[in-house]
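Bear in mind that the values in this text are calculations on the coordinates, not laboratory data. Note that the structure is predicted; figures quoted are calculated from it, not measured. No Cβ is skipped: glycine too gets one built from the backbone with ideal geometry, and neighbour counts run over all protein chains shown.
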Amino acid sequence: MNEDDKIPFTAHLEELRTRLIRCFIAVGIGFAVSYGFKEKLFDILMSPLVSVMKGDTKMIFTGLPEAFFTYLKVSFLTGLMLASPVIIFEFWMFVSPGLYKKERMILVPIILLSIIFFLGGALFGYFIVFPFGFAFFLGFANENIQAFPSMREYLGFASKMLIAFGLVFELPLVLTSMARLGIISVDFLKKNRKYAILLSFIVGAILTPPDVITQIMMAVPLMFLYEISILGAKIFGKKQQPEEAPQEPLEAKQE
């Protein structure tokens, strides 16, 4: 690219502002649409808890504005998900002109796979971990102790857990990308497998509630994902060039 063809920095800022405005508009539209289904959306989020609750126990709210703000947060999170294709598209259109063709070919599958892995982790937490975890917590209820979960606390707990499981499921993509760039190797991953197992349980203890069941249900998938990372690094990792044998000096050959 010639010097005359370069876009001024102010033009980049103007383009960034335009694309950010489009993203905010998309989130606003998604929020408005989601708010029309706020009760249904919260019922879907609450479904794993309701399925294990006994009797006629219902969700409560302890403050007058709690239900209103909880529905706002649910609508915003859902609107953000609905607007994510627009956000990803605007991000891509902003950065792609500055990338080489090879970099574009690498970045596109990484973005798509990161979305798939994140959704897979969130769905795993919703359908697998939530029912077992909630059944464990509600198991402490008895004739004298009754569980009355509030809307605000449940939304905060559920959203953090779903995001946590979504992020940990990005592990194969992160490690495979690092292997592709030559930062780590397959031998390195195999050699540090025992530390990865220990770290999986530590991460499970930090990101999940303080009970053994949910900790194990996060640690075991992490170990499985680590093995997938080794396989991904073996297939897509940077191939090491064989070292050339040192040549003998010319004087030695003449002798």
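Where Lys and Arg each count +1 and Asp and Glu each count -1, what net charge lies around Gly125 among other residues with Cβ under 14 Å from its Cβ? Intermediate results must be reported in sequence, preceding the final value.
Details: positive: Lys160; negative: Glu170.
So the environment of Gly125 carries a net charge of 0.
Match the structure shown to one of the listed values (i) 0.93; (ii) 1.13; (iii) 0.96 of Rg/Rh (Cα atoms, Kirkwood Rh), computed from it, and give that label.
(ii)
Under 5 Å between amide H atoms, partner at least 5 residues away or on a different chain: which partners does Ile60 have, H built in plane at 1.01 Å?
Ser150, Met151
Suppose every Lys and Arg Cβ carries +1 and every Asp and Glu Cβ carries -1, with no other charges. What dipole size does segment 10-238 come out with about its Cα centre, to the nearest 20 debye? Provide the component values of the computation, followed by the final result.
Numbers: 20 positive and 14 negative charges, 171 e Å.
So the dipole magnitude of segment 10-238 works out to roughly 820 debye.
Compute the longest continuous run of the chain that contains no exposed chymotrypsin sites (Phe, Trp or Tyr not before Pro); treat a site as exposed when its DSSP state is not H, G, I, E or B and it has at most 12 other Cβ atoms within 10 Å.
Details: sites that count: Tyr100, Phe140.
Of all site-free stretches, the longest is 141-255.
Rounded to whole Hz and in sequence order, give me ³J(HN,Hα) for segment 180-195 from the Karplus expression 6.51 cos²θ - 1.76 cosθ + 1.60, θ = phi - 60°, writing x for Gly and Pro.
Each residue of segment 180-195 in turn: 5, 7, x, 6, 10, 10, 5, 4, 4, 5, 5, 5, 9, 4, 5, 6 Hz.
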